[in-house]
């Protein structure tokens, strides 16, 4: 039969489901949906944002917003691009007791 952890299905966000709202000239919001615990906020002008949409980094911002213990928003700086787990240029804070520690949030090339 297996343990509950083995049976657990994880379904993250796909690009087709990403809904983005322009906040102002330099900020965009990924609206909290489903099991997201918070919104995602991307810092970018419109020209750069058109390039950001070309990879999966917005999906990664939304997926970070699912993580347990996240405090505040899932953030993305103007240099955002597709990473491993977290987007490169992504920022997230986690509660010391309820949150997680993720090497993907720092980068596997950082020792």
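Annotations
- Spin-label pair residue 93-residue 27: with each label point 7 Å from Cα along the Cα-Cβ axis, the two points sit 1.5 nm from one another.
- FRET efficiency estimate (nearest 0.05) - Cβ-Cβ, residue 51 to residue 84, R0 22 angstrom: 0.65
- Debye intensity ratio in log₁₀ form over the Cα atoms of segment 21-106, taken at each q of 0.24 Å⁻¹: -1.16
A short reminder: the numbers here are calculations on the coordinates, not readings from a lab. Just so we're clear, the structure is a prediction, and the values are computed from it rather than from any experiment. Methodologically, a virtual Cβ is constructed for each residue, glycine included, from the backbone with ideal geometry; neighbour enumeration extends over all protein chains shown.
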